[in-house]
Amino acid sequence: MKQQVAIKGMTCGGCVQTVEKALKQIEGVKTATVSLTPPQAVIQTDHVIGNAQLQSALAKVGNYRVAGNDTDNEPKKSGGSCCG
């Protein structure tokens, strides 16, 4: 099953690698391909992975978010976790 998810908070190639690695750690994710332009992830999964589970994995590695979450209205720092 293919899922495409917009990701917020990425600013560089290091962010892309961090997000990709975090997504690959989620149970059921076979592959994850993350891009900066557009800022998104395309994942191949065994089953649908919910936004809450995706968000939890991203929050563990930095200031990254699944676009469209309620937290989108919160103030953001500039740059991803690797960029300070």
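The values are calculated or read from the model by the stated rules, or taken from the named source; none is laboratory data. The structure presented is a predicted model; accordingly, all values stated were derived computationally and were not measured. Note that we place each Cβ from the backbone using ideal geometry, even for glycine, and neighbour counts take in every protein chain shown. We work out accessible area using only protein heavy atoms, side chains counted, and drop any ligands, DNA or RNA first. Shrake-Rupley method; radii C 1.70, N 1.55, O 1.52, S 1.80 Å.
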Considering the stretch 1-11 alone, what residues qualify as being in a strand (DSSP E or B) and closer than 15 Å to Tyr64 by Cα? Val5, Ala6, Ile7, Lys8
Restricting attention to the stretch 28-50, which residues are touching a residue at least 12 places away in the same chain (Cβ under 8 Å) and of a type outside the set (Val, Ile, Thr)? Gly28, Lys30, Ala32, Ser35, Leu36, Pro38, Pro39, Gln40, Ala41, Gln44, Asp46, His47
Cβ contacts < 8 Å: first residue free of Cβ contacts under 8 Å to residues at least 60 places away in the same chain, restricted to the stretch 1-17; second residue not in a strand (DSSP E or B), any location; separation 6+ or different chain. Result? Met1/Asp46; Met1/His47; Met1/Val48; Gln3/Val48; Gln3/Ile49; Gly13/Leu36; Val16/Met10; Val16/Leu36
What number of residues within the stretch 12-43 are open to solvent by 50 Å² or more (accessible area, probe 1.4 Å), more than 13 Å from Val61 (Cα to Cα) and assigned to a loop (DSSP other than H, G, I, E, B)? 5
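Considering each of Gly68, Gly50, Gly79 in turn, give the residue that is over 13 Å from the mean Cα position of the chain (by Cα), surrounded by fewer than 17 Cβ atoms within 10 Å (Cβ to Cβ) and at pLDDT below 95.
Of the residues listed, the single one that is over 13 Å from the mean Cα position of the chain (by Cα), surrounded by fewer than 17 Cβ atoms within 10 Å (Cβ to Cβ) and at pLDDT below 95 is Gly79.
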